[in-house]
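Read the structure below first, then the notes.
The values are calculated or read from the model by the stated rules, or taken from the named source; none is laboratory data. Source: prediction; values computed, not measured. Backbone-built Cβ (ideal geometry, glycine too); neighbour counts: all protein chains shown.
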Amino acid sequence: MQVWAALVADARPISPRFVPNPRPWSPRPRAPSLRATASEMPAAHCVHTAVPSAWMESRMIHNRFAPLLAVALVCTLAPVSSASENNDWSAYGRTGLGDRHSPLTQIDKHNVSRLGVAWRYHTGENEDGREGLRPARLSATPLVIAGRMYFSTALGKVIALEASSGRELWKYDAGVERTIGFGDPVSRGVSYWSRAGAHGGDTCETRILAGVLDGRLLALDALTGKPCTDFGSQGTVNLREGLRNAPDGDAEYELTSPPAIVGDMVVVGSAVADNHRLDAASGEVRAYDVISGRLAWRWDPVPQEKNDPAYASWQGDNAHRTGGANTWSVIAADAKRGLVFLPTSSPSVDYWGGARLGDNRHANSLVALDARIGKQVWAFQTVHHDLWDYDNASPPALVEVNVDGRQVAAVLLATKSGQLFVLDRDTGVPLFPVEERAVPASDALGEVAAATQPFSSLPALSPMSLSRADLIDGLDDPAHRETCLAQLDALRNEGPFTPPSERGSLVMPSNIGGAHWGGVAFDPASQTVVVPTNRIAAVITLLPRNAEATKRAREAVSGERLGLEFASMHGSPYVLKREFFAVGGRPCTPEPLGSLHAISLATGRTVWNVPLGTGEGTPLGPVAGMVNLGGPITTATGVVFIGATPDPRLRAFDIASGKVLWTGELPAGARSTPMTYQVEGRQFVAIAAGGDGELWGTADEIVAFALAPDPGE
């Protein structure tokens, strides 16, 4: 069976859109206002904070005791963001800080087994009867503010529900043309803004900000769903306009993640299609006034000014015309410090960098910007001169970490390379040592791979290499094992960061990670980081450009990252061939193929690491640990919730042991992150179960769970 093929061709029958809570529903008068996500604060003020010099990105060993080499002023421009109230989930990561930790306590380790479906809502997104249309993926993490739930769909619908029952309150349709071949047809959610002192009566004093797949940024009235006509052009800003490199066609430039809100500004990145051309659409991050939609600033990850310290790390006549390096994942915001944190991606193209030699600083980095003016405060590069599609896909998490008996404001970043970096939030200096280690050189035409790469001293999140011994010990079927060993012997395989080659190179972890866009959740009480990971290898082959290779790339129709792919990489001497390390559709990577990993920042050690998901409920059959895409959340009662796997389930884990406490059935695999909220005295856990139309199945539902009555009461 072809594991990575399109397994589900047709959408399942769509049931009625609204399945009510078993409890009787009665209408209530509208609340007088929607609570703001931030409290009002005096005018901006400045504090001294340490900022590292250019040493920060030099090639030396970093240590938590490293000296701070410079001091700068950081100004607070906005109120401190809180979760409006503990009952709400007001941003993608619960708050703009993105720690995904809820203080709610009604659901705990002892009663979580009583969770049952409270309500379901169908979007109807895939009801279009035209043949050959790729299913739209429902992957949003909903928000809940003051009893209202807000979320978005891949095709530009923004929807508000009554959070207690799932009853639809309003729906806005931005009208995305679904025949466009978008590379990643998803929307991961919306953002919420409230005017200081909002009282609930004025138009657009509370707003939903939503990115649309085709490159539009929308502002909608949170009460009615109508466009805020004072924002941009009648409620819309077209982000495809004004870029340094204009998109080539409709599908090269997308918005898939919710924007960041900091004060009265909305900060937004973009998703740029991989491996199409060297000068792909540029990845500027831009900030707009949340009321008027006027551009406040732009920041380009590819330096354009010669006085920029990173300029010299882009070498070659056309290096500064490079596209990509965009921020397609979620941006974290620290309103108190007036900072936004950008996880940047790989420059174009992913697998050949001969036209952009050097470290390519600011690409594949975590970059902290002054949110008022877009000026860089610090940057930490997680991959030098990326040749592996190791985007920083995980949203940063801004947390408080105990270091040597003191609380330190930190930022967590899990990476596709299978590493966890913990950085001082003010300076970017690692709080756990990071070492530069020598890695293999490239033998591709015109390529010069970085001589070293950064390695975190924390435990690896997933294996970073794959040896003959791993296959001998981990593959039970003798015939399959021997075939995989023969294939492994034919590949270039020199450990972490083996560069792509004409021979074919084993890349471990693969381009989906390691850690992926599901990101991390952080439990402050136990200082535990929880992160889902993939443990599957890929084979990257650079095909010398000729008529046959070009034809294969032109005819390739698979945009699915779990299949065999060819890509043109225009402007390079190669055509890309990318596939998973498998024989006959069976992975050669030993199980588990995916896991849920918990690391203690109190000890710097792994707490537990358990297989995540099975193949049950999918055409794969029983598998210990599945590939996964989606994130976890934690609660104050020590419960971890996560979907993410192709088998259609939402699971609850014990954060202390990794034990599965509960499993809830879903209509399809949830390529999304759950959330939890409390309304009318009842705590809910909700998740988008949309599948992917292939391995994850197909559905279009938000499913909300809550505790059933205790039979002993």
Legend entry - Unmet criterion (only one of (1) among the basic types (K, R); (2) closer than 30 Å to I472 by Cβ; (3) under 22 Å from the mean Cα position of the chain (by Cα)) for R649: (2)
Inset, instruction - State which residue is farthest from N546 (Cα to Cα) when the search covers only segment 573-622 and only residues that are among the small types (G, A, S) and in contact with a Gly (Cβ under 7 Å, 6 or more places away or on another chain). - result: A598
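Would you point out the residue of segment 572-588, among those that are under 15 Å from V507 (Cβ atoms) and in contact with a strand residue (DSSP E or B) (Cβ under 8 Å, 6 or more places away or on another chain), that is surrounded by the fewest Cβ atoms within 10 Å (Cβ to Cβ)? Talk me through it step by step, then tell me what you get.
The first filter runs over segment 572-588 and keeps only residues under 15 Å from V507 (Cβ atoms), leaving 576-582, 587-588.
From the residues that got through so far, the ones that are in contact with a strand residue (DSSP E or B) (Cβ under 8 Å, 6 or more places away or on another chain) too are 576-581, 587-588.
Values: L576: 25, K577: 21, R578: 24, E579: 17, F580: 23, F581: 23, P587: 22, C588: 24.
Here the answer is E579.
Do the conditions hold for D230, that is, is it farther than 27 Å from Q304 by Cβ, out of contact with any strand residue (DSSP E or B) (no Cβ under 7 Å at 6 or more places or on another chain), free of Cβ contacts under 8 Å to residues at least 24 places away in the same chain and of a type in the set (D, E)?
On the way: farther than 27 Å from Q304 by Cβ: yes; out of contact with any strand residue (DSSP E or B) (no Cβ under 7 Å at 6 or more places or on another chain): yes; free of Cβ contacts under 8 Å to residues at least 24 places away in the same chain: no; of a type in the set (D, E): yes.
It is false that D230 is farther than 27 Å from Q304 by Cβ, out of contact with any strand residue (DSSP E or B) (no Cβ under 7 Å at 6 or more places or on another chain), free of Cβ contacts under 8 Å to residues at least 24 places away in the same chain and of a type in the set (D, E).
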Legend entry - Residues of segment 104-137 that turn out to be assigned to a strand (DSSP E or B) and at pLDDT 95 or above, as a count: 8
Inset, instruction - Within segment 651-710, count every residue that is in contact with a Pro (Cβ under 6 Å, 6 or more places away or on another chain) and not in a strand (DSSP E or B). - result: 5
Inset, instruction - Run L155 past the list (1) surrounded by 21 or more Cβ atoms within 10 Å (Cβ to Cβ); (2) part of a strand (DSSP E or B) and report the number of the one that doesn't hold. - result: (2)
Inset, instruction - With respect to I642, determine if the residue is at pLDDT 95 or above and either charged (D, E, K, R) or more than 14 Å from G116 (Cα to Cα) (or both). - result: yes
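Farther than 17 Å from T123 by Cβ and either surrounded by 20 or more Cβ atoms within 10 Å (Cβ to Cβ) or among the polar types (S, T, N, Q) (or both): does that describe F182? Working first, answer last.
Numbers: farther than 17 Å from T123 by Cβ: yes; either surrounded by 20 or more Cβ atoms within 10 Å (Cβ to Cβ) or among the polar types (S, T, N, Q) (or both): yes.
Yes: the conditions hold for F182.
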Legend entry - Filter result (under 24 Å from P646 (Cβ atoms) and touching a residue at least 40 places away in the same chain (Cβ under 8 Å)) within segment 563-583: G563, L564, R578, E579, F580, F581, A582, V583
Legend entry - Complete set of residues in segment 217-227 that are touching a residue at least 60 places away in the same chain (Cβ under 8 Å) and either outside any loop (DSSP other than H, G, I, E, B) or surrounded by fewer than 17 Cβ atoms within 10 Å (Cβ to Cβ) (or both): L217, L218, A219, L220
Inset, instruction - Out of P532, P587, P509, P499, report the one residue that is farther than 22 Å from Y92 by Cβ and under 24 Å from the mean Cα position of the chain (by Cα). - result: P509
Legend entry - Failed criterion for L115 (all others in (1) closer than 20 Å to L650 by Cα; (2) surrounded by 24 or more Cβ atoms within 10 Å (Cβ to Cβ); (3) aliphatic (A, V, I, L, M) hold): (2)
Legend entry - Any chance V411 is surrounded by fewer than 23 Cβ atoms within 10 Å (Cβ to Cβ), farther than 23 Å from R535 by Cα and among the β-branched types (V, I, T): no
Legend entry - Residue satisfying all of: in segment 592-641; without any contact (Cβ under 8 Å) to a residue 40 or more places away in the chain, under 23 Å from the mean Cα position of the chain (by Cα) and surrounded by fewer than 24 Cβ atoms within 10 Å (Cβ to Cβ); farthest from S394 (Cα to Cα) among these: T614
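So that you can scan it fast, the table gives a plain yes or no per residue for (1) of a type outside the set (A, V, I, L, M); (2) surrounded by 24 or more Cβ atoms within 10 Å (Cβ to Cβ):
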{"position": "R244", "(1), (2)": "yes, no"}
{"position": "G249", "(1), (2)": "yes, no"}
{"position": "A260", "(1), (2)": "no, yes"}
{"position": "P301", "(1), (2)": "yes, yes"}
{"position": "P309", "(1), (2)": "yes, no"}
{"position": "N326", "(1), (2)": "yes, yes"}
Inset, instruction - Spot the failing condition for G690; the list is (1) closer than 26 Å to R535 by Cα; (2) more than 18 Å from the chain's Cα centre (by Cα); (3) not basic (K, R), and only one is missed. - result: (2)
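Looking at segment 163-174, is at least one residue part of a loop (DSSP other than H, G, I, E, B), modelled with pLDDT under 95 and under 21 Å from P667 (Cα atoms)? Talk me through it step by step, then tell me what you get.
Pass one, segment 163-174, residues part of a loop (DSSP other than H, G, I, E, B): 163-167, 174.
After this cut, where a residue has to be modelled with pLDDT under 95 as well, the list is none.
Within segment 163-174 (the criterion being part of a loop (DSSP other than H, G, I, E, B), modelled with pLDDT under 95 and under 21 Å from P667 (Cα atoms)), the answer is no, since none of the residues qualifies.
Of the residues that sit in segment 175-219 and are aliphatic (A, V, I, L, M) and over 23 Å from the mean Cα position of the chain (by Cα), which one is modelled with the lowest pLDDT? Reasoning before the result, please.
If we filter segment 175-219 for residues that are aliphatic (A, V, I, L, M), which is where we start, we get 176, 180, 186, 190, 196, 198, 208-210, 212-213, 217-219.
Then drop every residue that is not over 23 Å from the mean Cα position of the chain (by Cα), which leaves 196, 198.
Working: A196: 83, A198: 75.
Checking each candidate, the answer is A198.
Could you tell me whether L213 is crowded, with 21+ Cβ neighbours inside 10 Å, part of a strand (DSSP E or B) and not basic (K, R)? Lay out the reasoning, then the answer.
Numbers: crowded, with 21+ Cβ neighbours inside 10 Å: yes; part of a strand (DSSP E or B): no; not basic (K, R): yes.
So L213 fails the test.
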Inset, instruction - Restrict the check to segment 293-302 and report whether at least one residue is over 20 Å from S394 (Cβ atoms) and in contact with a His (Cβ under 8 Å, 6 or more places away or on another chain). - result: yes
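Check P459, P454, P463 and return the single one that is under 22 Å from the mean Cα position of the chain (by Cα) and not in a loop (DSSP other than H, G, I, E, B). Give the steps one after another, and end with the answer.
On the way: P459 fails: not in a loop (DSSP other than H, G, I, E, B); P463 fails: not in a loop (DSSP other than H, G, I, E, B).
From the options P459, P454, P463, the qualifying one is P454.
Whether any residue in segment 470-480 is part of a loop (DSSP other than H, G, I, E, B) and either in contact with a helix residue (DSSP H, G or I) (Cβ under 8 Å, 6 or more places away or on another chain) or basic (K, R) (or both) is what I want to check.
Applying the first criterion (part of a loop (DSSP other than H, G, I, E, B)) to segment 470-480 yields 475-477.
Cutting the leftovers down to either in contact with a helix residue (DSSP H, G or I) (Cβ under 8 Å, 6 or more places away or on another chain) or basic (K, R) (or both) gives us 475.
Yes, segment 470-480 contains at least one residue that is part of a loop (DSSP other than H, G, I, E, B) and either in contact with a helix residue (DSSP H, G or I) (Cβ under 8 Å, 6 or more places away or on another chain) or basic (K, R) (or both).
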